[in-house]
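Since the structure comes first, as C-alpha coordinates, the remarks are kept for the end.
The values are calculated or read from the model by the stated rules, or taken from the named source; none is laboratory data. Only a predicted model underlies this, so the values are computations on that prediction, with no experimental measurement involved. Virtual Cβ from ideal backbone geometry, glycine too; neighbours counted across all protein chains shown. The accessibility values were calculated without ligands, DNA or RNA, using every heavy atom of the protein model including side chains. Shrake-Rupley method; radii C 1.70, N 1.55, O 1.52, S 1.80 Å.
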Amino acid sequence: MEFEEYLRSVRNRSVSVIGVGVSNRPLIDLLLSHGANVTARDKKDSLGEYGAELARRGCDLRLGENYLKDLNQEIIFRTPGMRPDLPELREAVARGSVLTSEMEIFFEVCPCQIFAVTGSDGKTTTTTILAEFLKAAGKTVWLGGNIGRPLLAETGRIKPSDIAVLELSSFQLMTMKRSPHIAVITNISPNHLDVHKDYQEYIQAKENIFRFQTARDITVFNADNEITLEEASRTPGRVRLFSRKRELDNGVFLRGDEIISRNIDNIKYPERVVMKISDVKLPGTHNIENYMAAIAAADGLVPDDRIKKFAREFQGVEHRIELFRTRRGVRWYNDSIASSPSRTIAGLNSFPEKVILIAGGKDKGISYQDLGPVINAHVKYLILCGATAGVIRESVEQADNYDGLNIREADNYPDAVKLADEISNPGDIIILSPASTSFDRFANFMERGQVFKNLVNALPE
(Lines give C-alpha, C1' and ligand atoms only; values in the text may rest on other atoms or scores of the structure.)
Protein backbone atom coordinates (compact mmCIF):
# COMPACT_ATOMS: atom_id res chain seq x y z
CA MET A 1 0.00 0.00 0.00
CA GLU A 2 1.28 3.49 -0.82
CA PHE A 3 1.54 6.05 1.98
CA GLU A 4 -1.00 8.46 0.50
CA GLU A 5 -3.45 5.63 0.01
CA TYR A 6 -3.12 4.68 3.67
CA LEU A 7 -3.69 8.27 4.79
CA ARG A 8 -6.89 8.42 2.70
CA SER A 9 -8.02 5.15 4.27
CA VAL A 10 -8.00 6.57 7.83
CA ARG A 11 -10.00 9.69 7.03
CA ASN A 12 -13.18 9.88 9.14
CA ARG A 13 -12.39 6.55 10.80
CA SER A 14 -12.15 6.16 14.58
CA VAL A 15 -8.59 5.49 15.77
CA SER A 16 -7.19 4.86 19.26
CA VAL A 17 -3.54 5.53 20.00
CA ILE A 18 -2.44 3.91 23.26
CA GLY A 19 0.51 5.66 24.88
CA VAL A 20 1.12 9.38 24.37
CA GLY A 21 4.85 9.41 24.87
CA VAL A 22 7.32 11.15 22.58
CA SER A 23 7.39 8.27 20.07
CA ASN A 24 3.61 8.27 19.46
CA ARG A 25 3.12 12.03 19.20
CA PRO A 26 4.13 12.28 15.52
CA LEU A 27 1.65 9.44 14.83
CA ILE A 28 -1.18 11.28 16.61
CA ASP A 29 -0.37 14.48 14.70
CA LEU A 30 -0.32 12.58 11.40
CA LEU A 31 -3.70 10.96 12.04
CA LEU A 32 -5.35 14.21 13.16
CA SER A 33 -3.92 16.07 10.17
CA HIS A 34 -5.51 13.58 7.78
CA GLY A 35 -9.00 13.58 9.19
CA ALA A 36 -9.02 10.59 11.54
CA ASN A 37 -11.19 10.73 14.67
CA VAL A 38 -8.44 10.14 17.22
CA THR A 39 -8.72 8.97 20.82
CA ALA A 40 -5.42 9.31 22.67
CA ARG A 41 -5.04 7.05 25.73
CA ASP A 42 -2.42 7.17 28.47
CA LYS A 43 -1.96 6.03 32.07
CA LYS A 44 -0.91 9.53 33.07
CA ASP A 45 -3.62 11.67 34.66
CA SER A 46 -2.52 14.74 32.73
CA LEU A 47 -0.58 15.55 29.56
CA GLY A 48 -0.16 19.23 30.42
CA GLU A 49 -0.07 21.75 27.59
CA TYR A 50 0.29 19.00 24.99
CA GLY A 51 -2.97 17.47 26.17
CA ALA A 52 -4.68 20.85 25.97
CA GLU A 53 -3.41 21.28 22.40
CA LEU A 54 -4.76 17.82 21.45
CA ALA A 55 -8.16 18.72 22.90
CA ARG A 56 -8.20 21.96 20.89
CA ARG A 57 -7.59 19.90 17.75
CA GLY A 58 -10.57 17.66 18.49
CA CYS A 59 -8.70 14.69 19.94
CA ASP A 60 -10.59 12.72 22.59
CA LEU A 61 -8.38 12.16 25.66
CA ARG A 62 -8.74 9.10 27.89
CA LEU A 63 -6.30 9.44 30.77
CA GLY A 64 -5.59 7.86 34.13
CA GLU A 65 -6.58 4.57 35.67
CA ASN A 66 -9.42 3.80 33.24
CA TYR A 67 -7.57 4.82 30.10
CA LEU A 68 -8.51 1.58 28.30
CA LYS A 69 -12.24 1.89 29.01
CA ASP A 70 -14.59 1.89 25.96
CA LEU A 71 -11.87 0.67 23.63
CA ASN A 72 -14.13 0.33 20.60
CA GLN A 73 -12.42 2.32 17.85
CA GLU A 74 -12.02 0.82 14.38
CA ILE A 75 -8.21 0.96 14.48
CA ILE A 76 -6.08 0.60 17.61
CA PHE A 77 -2.37 1.48 17.70
CA ARG A 78 -0.73 -0.20 20.69
CA THR A 79 2.42 1.14 22.27
CA PRO A 80 5.27 -1.42 21.81
CA GLY A 81 5.61 -2.27 25.50
CA MET A 82 1.95 -3.28 25.80
CA ARG A 83 1.15 -6.96 25.42
CA PRO A 84 -1.26 -7.56 22.50
CA ASP A 85 -3.22 -10.13 24.53
CA LEU A 86 -4.41 -7.76 27.25
CA PRO A 87 -8.11 -8.53 27.92
CA GLU A 88 -9.16 -5.05 26.75
CA LEU A 89 -7.30 -5.51 23.46
CA ARG A 90 -8.56 -9.07 22.90
CA GLU A 91 -12.14 -7.97 23.48
CA ALA A 92 -11.77 -5.02 21.10
CA VAL A 93 -10.36 -7.27 18.36
CA ALA A 94 -13.21 -9.75 18.93
CA ARG A 95 -15.65 -6.88 18.34
CA GLY A 96 -13.95 -6.05 15.03
CA SER A 97 -11.24 -3.52 15.86
CA VAL A 98 -7.95 -3.79 13.93
CA LEU A 99 -4.94 -3.92 16.27
CA THR A 100 -1.71 -2.56 14.82
CA SER A 101 1.32 -0.39 15.61
CA GLU A 102 3.27 2.47 14.12
CA MET A 103 6.02 0.09 13.01
CA GLU A 104 3.63 -2.41 11.39
CA ILE A 105 2.08 0.32 9.26
CA PHE A 106 5.51 1.69 8.37
CA PHE A 107 6.46 -1.72 6.96
CA GLU A 108 3.29 -1.64 4.84
CA VAL A 109 3.85 1.81 3.33
CA CYS A 110 7.65 2.29 3.27
CA PRO A 111 8.70 2.84 -0.37
CA CYS A 112 12.37 1.89 0.05
CA GLN A 113 14.54 -1.04 1.06
CA ILE A 114 14.45 -1.85 4.80
CA PHE A 115 17.37 -3.09 6.89
CA ALA A 116 16.47 -4.09 10.47
CA VAL A 117 18.47 -5.26 13.47
CA THR A 118 17.33 -7.11 16.58
CA GLY A 119 19.00 -9.12 19.33
CA SER A 120 19.32 -9.35 23.08
CA ASP A 121 22.54 -7.30 23.14
CA GLY A 122 24.33 -5.02 20.73
CA LYS A 123 21.42 -4.07 18.51
CA THR A 124 21.67 -0.29 19.00
CA THR A 125 25.41 -0.18 18.29
CA THR A 126 25.04 -2.55 15.32
CA THR A 127 22.14 -0.49 13.92
CA THR A 128 24.17 2.70 14.28
CA ILE A 129 27.25 1.17 12.62
CA LEU A 130 25.16 -0.20 9.75
CA ALA A 131 23.43 3.14 9.16
CA GLU A 132 26.76 4.98 9.16
CA PHE A 133 28.28 2.45 6.74
CA LEU A 134 25.45 3.09 4.28
CA LYS A 135 25.70 6.86 4.72
CA ALA A 136 29.43 6.64 4.02
CA ALA A 137 28.58 4.90 0.74
CA GLY A 138 26.45 7.89 -0.28
CA LYS A 139 23.02 6.48 0.59
CA THR A 140 20.23 8.57 2.09
CA VAL A 141 19.46 6.70 5.31
CA TRP A 142 16.39 6.94 7.55
CA LEU A 143 17.22 5.70 11.05
CA GLY A 144 14.29 4.67 13.22
CA GLY A 145 12.42 2.05 15.19
CA ASN A 146 13.75 1.53 18.71
CA ILE A 147 16.45 4.09 17.89
CA GLY A 148 16.10 7.50 16.30
CA ARG A 149 12.73 9.00 15.49
CA PRO A 150 9.41 7.33 14.55
CA LEU A 151 9.43 7.09 10.75
CA LEU A 152 5.78 6.63 9.76
CA ALA A 153 5.13 10.38 9.85
CA GLU A 154 8.25 10.90 7.69
CA THR A 155 7.26 8.39 4.99
CA GLY A 156 6.09 11.06 2.54
CA ARG A 157 9.69 12.32 2.33
CA ILE A 158 11.28 8.90 1.79
CA LYS A 159 12.32 8.07 -1.78
CA PRO A 160 12.45 4.57 -3.31
CA SER A 161 16.24 4.92 -3.67
CA ASP A 162 16.70 5.63 0.06
CA ILE A 163 17.31 3.02 2.77
CA ALA A 164 15.50 2.68 6.09
CA VAL A 165 17.62 1.22 8.91
CA LEU A 166 15.63 0.12 11.95
CA GLU A 167 16.34 -1.23 15.40
CA LEU A 168 13.50 -3.54 16.44
CA SER A 169 12.75 -4.76 19.95
CA SER A 170 10.95 -7.99 20.80
CA PHE A 171 7.94 -5.88 21.80
CA GLN A 172 7.78 -4.26 18.35
CA LEU A 173 8.25 -7.61 16.63
CA MET A 174 5.60 -9.54 18.58
CA THR A 175 2.76 -8.75 16.16
CA MET A 176 4.70 -8.05 12.97
CA LYS A 177 3.42 -9.69 9.78
CA ARG A 178 6.18 -8.40 7.50
CA SER A 179 9.96 -8.75 7.58
CA PRO A 180 12.73 -6.46 6.32
CA HIS A 181 14.65 -7.06 3.10
CA ILE A 182 17.87 -7.47 5.10
CA ALA A 183 17.65 -8.56 8.73
CA VAL A 184 20.29 -8.96 11.43
CA ILE A 185 20.03 -10.95 14.68
CA THR A 186 23.03 -10.08 16.82
CA ASN A 187 22.40 -12.80 19.45
CA ILE A 188 19.62 -14.20 21.64
CA SER A 189 19.75 -14.77 25.39
CA PRO A 190 17.08 -14.53 28.13
CA ASN A 191 15.70 -10.99 28.37
CA HIS A 192 12.49 -9.07 29.12
CA LEU A 193 10.98 -12.07 30.91
CA ASP A 194 9.07 -9.62 33.11
CA VAL A 195 6.93 -8.85 30.04
CA HIS A 196 7.11 -11.99 27.91
CA LYS A 197 5.31 -15.09 29.16
CA ASP A 198 8.47 -17.15 28.86
CA TYR A 199 11.77 -17.41 27.00
CA GLN A 200 10.14 -19.24 24.08
CA GLU A 201 7.72 -16.39 23.45
CA TYR A 202 10.65 -13.95 23.49
CA ILE A 203 12.51 -16.07 20.91
CA GLN A 204 9.43 -16.35 18.71
CA ALA A 205 8.97 -12.59 18.75
CA LYS A 206 12.56 -12.12 17.59
CA GLU A 207 12.01 -14.61 14.75
CA ASN A 208 9.40 -12.36 13.16
CA ILE A 209 12.32 -10.34 11.82
CA PHE A 210 12.90 -13.09 9.23
CA ARG A 211 9.70 -15.21 9.33
CA PHE A 212 7.99 -13.31 6.48
CA GLN A 213 10.97 -12.84 4.18
CA THR A 214 11.03 -13.99 0.55
CA ALA A 215 13.73 -16.10 -1.07
CA ARG A 216 15.41 -12.89 -2.32
CA ASP A 217 15.82 -11.43 1.17
CA ILE A 218 18.77 -11.90 3.54
CA THR A 219 19.18 -12.53 7.26
CA VAL A 220 22.49 -12.23 9.08
CA PHE A 221 22.83 -14.70 11.98
CA ASN A 222 25.39 -15.06 14.76
CA ALA A 223 27.06 -18.44 14.18
CA ASP A 224 28.48 -18.40 17.74
CA ASN A 225 25.04 -18.26 19.34
CA GLU A 226 23.27 -21.62 19.61
CA ILE A 227 19.77 -20.26 19.09
CA THR A 228 20.52 -17.96 16.15
CA LEU A 229 22.57 -20.66 14.42
CA GLU A 230 19.61 -23.04 14.66
CA GLU A 231 17.29 -20.32 13.34
CA ALA A 232 19.50 -19.96 10.25
CA SER A 233 18.28 -23.36 9.07
CA ARG A 234 14.66 -22.16 9.08
CA THR A 235 14.71 -18.76 7.43
CA PRO A 236 12.91 -18.50 4.07
CA GLY A 237 15.51 -16.01 2.84
CA ARG A 238 19.23 -16.24 2.14
CA VAL A 239 21.65 -16.69 5.05
CA ARG A 240 24.78 -14.79 5.96
CA LEU A 241 26.68 -15.70 9.10
CA PHE A 242 29.27 -14.00 11.27
CA SER A 243 31.58 -15.63 13.78
CA ARG A 244 34.33 -14.53 16.12
CA LYS A 245 35.30 -18.14 16.90
CA ARG A 246 35.58 -20.03 13.59
CA GLU A 247 36.01 -19.63 9.86
CA LEU A 248 32.85 -19.79 7.75
CA ASP A 249 32.14 -21.07 4.25
CA ASN A 250 30.01 -17.98 3.61
CA GLY A 251 30.07 -15.05 5.98
CA VAL A 252 32.24 -12.70 8.06
CA PHE A 253 34.77 -14.11 10.53
CA LEU A 254 38.08 -13.55 12.31
CA ARG A 255 41.36 -14.98 11.14
CA GLY A 256 43.98 -13.92 13.63
CA ASP A 257 43.62 -10.14 13.92
CA GLU A 258 41.85 -9.75 10.55
CA ILE A 259 38.13 -9.48 9.83
CA ILE A 260 37.50 -11.56 6.71
CA SER A 261 34.46 -11.52 4.43
CA ARG A 262 33.90 -14.70 2.44
CA ASN A 263 30.98 -14.13 0.06
CA ILE A 264 30.26 -16.90 -2.44
CA ASP A 265 28.01 -14.52 -4.41
CA ASN A 266 30.91 -12.14 -5.05
CA ILE A 267 32.65 -13.65 -8.08
CA LYS A 268 35.36 -10.99 -8.29
CA TYR A 269 36.29 -10.98 -4.57
CA PRO A 270 34.96 -14.20 -2.97
CA GLU A 271 37.26 -13.65 0.03
CA ARG A 272 38.90 -10.48 1.24
CA VAL A 273 40.31 -8.78 4.33
CA VAL A 274 37.90 -5.97 5.27
CA MET A 275 39.97 -4.55 8.13
CA LYS A 276 41.94 -5.48 11.25
CA ILE A 277 40.73 -5.65 14.83
CA SER A 278 43.11 -2.78 15.61
CA ASP A 279 41.07 -0.58 13.26
CA VAL A 280 38.09 -0.76 15.66
CA LYS A 281 38.23 2.09 18.17
CA LEU A 282 35.43 0.72 20.39
CA PRO A 283 36.61 -1.50 23.27
CA GLY A 284 35.43 -5.08 23.75
CA THR A 285 35.11 -8.28 21.76
CA HIS A 286 31.34 -7.79 21.61
CA ASN A 287 31.93 -4.69 19.49
CA ILE A 288 34.03 -6.75 17.08
CA GLU A 289 30.93 -8.93 16.71
CA ASN A 290 28.77 -5.84 16.15
CA TYR A 291 31.08 -4.75 13.34
CA MET A 292 31.07 -8.20 11.75
CA ALA A 293 27.25 -8.28 11.82
CA ALA A 294 27.05 -4.86 10.15
CA ILE A 295 29.70 -5.81 7.55
CA ALA A 296 27.74 -8.96 6.67
CA ALA A 297 24.54 -6.93 6.25
CA ALA A 298 26.15 -4.22 4.11
CA ASP A 299 28.42 -6.50 2.07
CA GLY A 300 28.62 -5.36 -1.54
CA LEU A 301 27.06 -1.97 -0.78
CA VAL A 302 29.87 -0.18 1.07
CA PRO A 303 33.54 0.06 0.00
CA ASP A 304 35.93 -1.47 2.53
CA ASP A 305 37.97 1.72 2.81
CA ARG A 306 34.84 3.57 4.01
CA ILE A 307 34.19 0.84 6.59
CA LYS A 308 37.76 1.01 7.85
CA LYS A 309 37.76 4.82 8.06
CA PHE A 310 34.53 4.82 10.07
CA ALA A 311 35.74 2.12 12.47
CA ARG A 312 38.90 4.09 13.22
CA GLU A 313 36.88 7.19 14.17
CA PHE A 314 33.63 5.91 15.76
CA GLN A 315 33.64 6.28 19.56
CA GLY A 316 30.33 4.57 20.25
CA VAL A 317 26.75 5.37 21.19
CA GLU A 318 25.87 7.24 24.37
CA HIS A 319 25.23 5.05 27.45
CA ARG A 320 27.12 2.09 25.92
CA ILE A 321 30.54 1.72 27.61
CA GLU A 322 30.81 5.48 27.14
CA LEU A 323 34.00 7.05 28.48
CA PHE A 324 32.69 10.46 29.53
CA ARG A 325 35.17 11.74 32.12
CA THR A 326 38.77 11.22 33.22
CA ARG A 327 39.38 12.84 36.61
CA ARG A 328 42.52 12.60 38.72
CA GLY A 329 43.66 9.64 36.65
CA VAL A 330 40.38 7.74 37.09
CA ARG A 331 38.28 6.88 34.02
CA TRP A 332 34.48 6.92 34.42
CA TYR A 333 32.33 4.86 32.03
CA ASN A 334 28.57 4.99 31.54
CA ASP A 335 27.11 1.63 30.45
CA SER A 336 23.52 2.33 31.51
CA ILE A 337 22.21 0.38 28.49
CA ALA A 338 23.27 -2.80 30.36
CA SER A 339 19.82 -3.79 31.61
CA SER A 340 20.60 -7.52 31.68
CA PRO A 341 23.38 -9.70 33.14
CA SER A 342 24.62 -10.69 29.67
CA ARG A 343 25.08 -7.03 28.77
CA THR A 344 27.08 -6.33 31.92
CA ILE A 345 29.18 -9.44 31.31
CA ALA A 346 30.06 -8.11 27.85
CA GLY A 347 30.96 -4.74 29.35
CA LEU A 348 33.21 -6.22 32.02
CA ASN A 349 34.95 -8.40 29.44
CA SER A 350 35.85 -5.24 27.52
CA PHE A 351 38.54 -4.28 30.04
CA PRO A 352 41.81 -6.17 30.64
CA GLU A 353 42.10 -4.70 34.15
CA LYS A 354 39.79 -5.12 37.14
CA VAL A 355 37.24 -2.34 37.56
CA ILE A 356 35.06 -0.70 40.20
CA LEU A 357 31.50 -1.67 39.26
CA ILE A 358 28.25 0.09 40.16
CA ALA A 359 25.33 -2.27 39.48
CA GLY A 360 21.72 -2.97 40.40
CA GLY A 361 18.22 -1.81 39.48
CA LYS A 362 14.85 -3.43 38.83
CA ASP A 363 14.53 -7.19 38.35
CA LYS A 364 13.02 -8.38 35.06
CA GLY A 365 12.73 -12.05 35.88
CA ILE A 366 15.99 -13.45 34.52
CA SER A 367 18.80 -15.39 36.19
CA TYR A 368 21.89 -13.66 37.60
CA GLN A 369 23.78 -16.92 38.13
CA ASP A 370 26.23 -16.37 35.25
CA LEU A 371 27.04 -12.83 36.37
CA GLY A 372 28.63 -13.71 39.72
CA PRO A 373 31.72 -15.54 38.41
CA VAL A 374 32.41 -12.76 35.88
CA ILE A 375 32.18 -10.08 38.56
CA ASN A 376 34.62 -12.03 40.74
CA ALA A 377 37.05 -12.29 37.81
CA HIS A 378 36.81 -8.70 36.56
CA VAL A 379 35.80 -6.48 39.50
CA LYS A 380 37.98 -5.18 42.35
CA TYR A 381 35.17 -3.39 44.22
CA LEU A 382 31.41 -3.84 43.79
CA ILE A 383 28.85 -1.16 44.69
CA LEU A 384 25.21 -2.30 44.59
CA CYS A 385 22.16 -0.09 44.42
CA GLY A 386 18.50 -0.94 43.74
CA ALA A 387 16.08 -3.84 43.98
CA THR A 388 18.48 -6.42 42.47
CA ALA A 389 21.30 -5.68 44.91
CA GLY A 390 20.53 -8.82 46.90
CA VAL A 391 20.39 -11.25 43.96
CA ILE A 392 23.57 -9.83 42.43
CA ARG A 393 25.36 -10.15 45.78
CA GLU A 394 24.11 -13.73 46.08
CA SER A 395 25.37 -14.61 42.58
CA VAL A 396 28.82 -13.27 43.51
CA GLU A 397 29.10 -14.90 46.93
CA GLN A 398 27.83 -18.29 45.75
CA ALA A 399 30.15 -18.46 42.73
CA ASP A 400 32.99 -20.99 42.86
CA ASN A 401 35.59 -18.26 42.32
CA TYR A 402 34.38 -16.00 45.15
CA ASP A 403 37.37 -14.81 47.16
CA GLY A 404 36.02 -12.16 49.50
CA LEU A 405 35.32 -9.41 46.94
CA ASN A 406 34.65 -6.04 48.56
CA ILE A 407 30.89 -5.40 48.26
CA ARG A 408 29.06 -2.31 49.51
CA GLU A 409 25.44 -1.25 49.09
CA ALA A 410 24.36 2.35 48.48
CA ASP A 411 20.91 3.82 49.01
CA ASN A 412 21.02 5.92 45.85
CA TYR A 413 23.21 7.07 42.97
CA PRO A 414 24.69 10.12 44.75
CA ASP A 415 25.91 7.82 47.52
CA ALA A 416 27.20 5.26 44.98
CA VAL A 417 29.17 7.89 43.06
CA LYS A 418 30.56 9.38 46.30
CA LEU A 419 31.70 5.95 47.49
CA ALA A 420 33.27 5.02 44.12
CA ASP A 421 35.14 8.32 44.08
CA GLU A 422 36.46 7.82 47.63
CA ILE A 423 37.82 4.31 47.04
CA SER A 424 39.34 4.92 43.60
CA ASN A 425 43.00 5.58 42.83
CA PRO A 426 44.75 6.95 39.73
CA GLY A 427 44.59 4.36 36.95
CA ASP A 428 41.26 2.90 38.13
CA ILE A 429 38.19 2.39 35.97
CA ILE A 430 34.72 3.03 37.39
CA ILE A 431 31.79 1.77 35.35
CA LEU A 432 28.04 1.97 35.80
CA SER A 433 26.74 -1.28 34.28
CA PRO A 434 23.54 -2.13 36.18
CA ALA A 435 22.66 -5.62 34.82
CA SER A 436 19.07 -4.59 35.57
CA THR A 437 16.35 -2.33 34.19
CA SER A 438 16.05 1.30 35.26
CA PHE A 439 12.36 1.32 36.08
CA ASP A 440 12.78 1.16 39.86
CA ARG A 441 13.96 4.79 39.91
CA PHE A 442 14.14 6.16 36.35
CA ALA A 443 11.93 6.50 33.28
CA ASN A 444 14.46 4.63 31.10
CA PHE A 445 18.14 3.75 30.79
CA MET A 446 18.90 7.11 29.13
CA GLU A 447 17.67 9.05 32.14
CA ARG A 448 19.60 6.71 34.43
CA GLY A 449 22.80 7.22 32.46
CA GLN A 450 22.36 10.99 32.31
CA VAL A 451 21.79 11.23 36.07
CA PHE A 452 24.96 9.20 36.63
CA LYS A 453 26.96 11.41 34.25
CA ASN A 454 25.64 14.59 35.87
CA LEU A 455 26.68 13.36 39.32
CA VAL A 456 30.17 12.45 38.15
CA ASN A 457 30.63 15.62 36.12
CA ALA A 458 29.69 17.63 39.23
CA LEU A 459 32.68 16.22 41.14
CA PRO A 460 35.31 18.96 41.59
CA GLU A 461 38.52 18.80 39.63
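Below are the figures for this structure:
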read-out: Filter result for L130 (surrounded by 22 or more Cβ atoms within 10 Å (Cβ to Cβ), out of contact with any Ser or Thr (no Cβ under 8 Å at 6 or more places or on another chain) and over 30 Å from L371 (Cβ atoms)); value: no
read-out: Elements of type helices (runs of 4 or more DSSP H) in segment 123-225, at least 2 residues being touching a residue at least 40 places away in the same chain (Cβ under 8 Å) and among the polar types (S, T, N, Q); value: 123-136, 170-173
read-out: Count - residues of segment 427-447 that are open to solvent by 10 Å² or more (accessible area, probe 1.4 Å), over 22 Å from N146 (Cα atoms) and not small (G, A, S); value: 1
read-out: When residues of segment 7-34 are limited to those that are under 16 Å from E53 (Cα atoms) and free of Cβ contacts under 8 Å to residues at least 12 places away in the same chain, the one surrounded by the fewest Cβ atoms within 10 Å (Cβ to Cβ); value: V22
read-out: Number of positions in segment 246-273 that are open to solvent by 20 Å² or more (accessible area, probe 1.4 Å), aliphatic (A, V, I, L, M) and farther than 15 Å from N290 by Cα; value: 3
read-out: Test: residue in segment 181-202 that is at pLDDT 95 or above and farther than 19 Å from E226 by Cα; value: yes
read-out: Members of segment 304-340 that are part of a strand (DSSP E or B) and out of contact with any helix residue (DSSP H, G or I) (no Cβ under 9 Å at 6 or more places or on another chain); value: L323, T326, R331
read-out: Given (1) in contact with a Ser or Thr (Cβ under 8 Å, 6 or more places away or on another chain); (2) crowded, with 18+ Cβ neighbours inside 10 Å, number of the condition S243 does not satisfy; value: (1)
read-out: Entirely in segment 229-303, the strands (runs of 3 or more DSSP E) that have 3 or more residues that are within 24 Å of the chain's Cα centre (by Cα) and touching a residue at least 24 places away in the same chain (Cβ under 8 Å); value: 238-243, 251-255
read-out: Residue among L357, L405, L384 that alone is open to solvent by less than 70 Å² (accessible area, probe 1.4 Å) and in contact with a Gly (Cβ under 6 Å, 6 or more places away or on another chain); value: L384
read-out: Leading residue by the ranking (surrounded by the fewest Cβ atoms within 10 Å (Cβ to Cβ)) among those in segment 202-216 that are closer than 25 Å to P80 by Cα and over 19 Å from the mean Cα position of the chain (by Cα); value: F212
read-out: Qualifying residues in segment 51-97 (those that are under 24 Å from P26 (Cβ atoms) and β-branched (V, I, T)) - the one most open to solvent (accessible area, probe 1.4 Å); value: T79
read-out: Selected residue (criterion: modelled with the highest pLDDT) from residues of segment 341-354 that are part of a loop (DSSP other than H, G, I, E, B) and either open to solvent by less than 40 Å² (accessible area, probe 1.4 Å) or of a type in the set (G, A, S) (or both); value: F351
read-out: D421 being open to solvent by 30 Å² or more (accessible area, probe 1.4 Å), charged (D, E, K, R), under 24 Å from E318 (Cβ atoms) and modelled with pLDDT of 95 or more; value: yes
read-out: Extreme residue, nearest to the chain's Cα centre (by Cα), among residues of segment 304-337 that are surrounded by 15 or more Cβ atoms within 10 Å (Cβ to Cβ) and on the phi > 0 side of the Ramachandran plot; value: H319
read-out: Pick from segment 278-292, criterion more than 14 Å from K245 (Cα to Cα) and of a type outside the set (S, T, N, Q), ranking: surrounded by the most Cβ atoms within 10 Å (Cβ to Cβ); value: Y291
read-out: Residue match in segment 361-374 (condition: among the hydroxyl-bearing types (S, T, Y), crowded, with 20+ Cβ neighbours inside 10 Å and within 21 Å of the chain's Cα centre (by Cα)); value: yes
read-out: Sole residue being on the phi > 0 side of the Ramachandran plot and open to solvent by less than 70 Å² (accessible area, probe 1.4 Å), chosen from G138, G156; value: G138
read-out: Residue list for segment 347-387, restricted to those being within 26 Å of R441 (Cα to Cα) and small (G, A, S); value: G347, A359, G360, G361, G365, S367, G372, G386, A387
read-out: Output for segment 35-44, where each listed residue is under 29 Å from the mean Cα position of the chain (by Cα) and either open to solvent by 80 Å² or more (accessible area, probe 1.4 Å) or in contact (Cβ under 8 Å) with a residue 60 or more places away in the chain (or both); value: K43, K44
